[in-house]
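Readers should treat all values here as calculations from the given coordinates under stated rules, not as data from a laboratory. Worth saying up front: this structure is predicted, and the values here are computed from it rather than measured. Here the Cβ is made from the backbone with ideal geometry for all residues, glycine too, and neighbour counts use every protein chain on show.
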Ligand SMILES: Nc1ncnc2c1ncn2[C@@H]1O[C@H](COP(=O)(O)OP(=O)(O)OP(=O)(O)O)[C@@H](O)[C@H]1O
Ligand SMILES: [Mg+2]
């Protein structure tokens, strides 16, 4: 893209215009394939040359394993970094009655604590021991500040693998999400969850919502989903693949998706990439 001899201003403008600030959140009912989609999309964006930061925001974290990180069990979730939490908030997790800072410094955390494998950086947020994700405690405040930072400040593709439901996405933070993808599988519970997420997402100001169908075994299942969710766009239709179940049972990461799945991931990528936000500032 750069011409030899281009002025530094031109080079900077070009650089600024190719910096993508896309934030994708993936939600849906338990077990529908959120983590599978998060890992395949992360790989797709990374293979296309994007800088990718994947965030595992599910307390039952397994994105690292899906991404093929060696020894995923050795990755310490942020919520378990007691020294860091104490350093940043002034309070040690689990100590009752302590005061803590409400706006802890977090901007250096991604570069210092993200794990990296195959060109993908990963942050595992972890579980808050007391009171759920939104708890008013030191680790809850640090995680929320970190998530806001990751979604608002980072100039890279951020892919957020969420726990089922979106109740834990705060109003301010969610506005920074460019695309909320709801994964659905053929089944009424998955559809009901998608409808509930759609309503909640609207309530908190999330507008760009789309669906990805997963685990499809037939045309009639596809038709059923499309008919059941007429108000939302489907970005892709991922077929059921027995090899994924077998890989899961054998506890081995999927190296390469099958061709039909890869083609759908490609379609989803194409649908997302051109509409991404770009910076318009010259730095
Ligand atoms: N297209 C598919 N074909 C066959 N199996 C699939 C497919 N997609 C996902 N699976 C399997 O379904 C199970 C759940 O997938 P995954 O962990 O990605 O779902 P999830 O929505 O992240 O679940 P959770 O809510 O527990 O986080 C896994 O065993 C995975 O291998
Ligand atoms: Mg998952």
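Sorting check: for 81-94, 33-46, which peptide has the highest mean count of neighbouring beta carbons within 10 Å, and how do the rest follow?
Sorting 81-94, 33-46 by mean packing, highest first, produces 33-46, 81-94.
Where does each of 212-219, 105-112, 55-62, 242-249 land if you order them by average Cβ count within 10 Å, highest first?
Highest-to-lowest ranking by the protection proxy: 55-62, 212-219, 105-112, 242-249.
Cβ neighbours within 10 Å, averaged per peptide: list 145-151, 194-200, 224-230 in order, most packed at the top.
145-151, 194-200, 224-230
Shape verdict for region 21-275, please, from the Cα gyration tensor: rounded (a/c under 1.5), prolate (a/b greater than b/c) or oblate.
prolate
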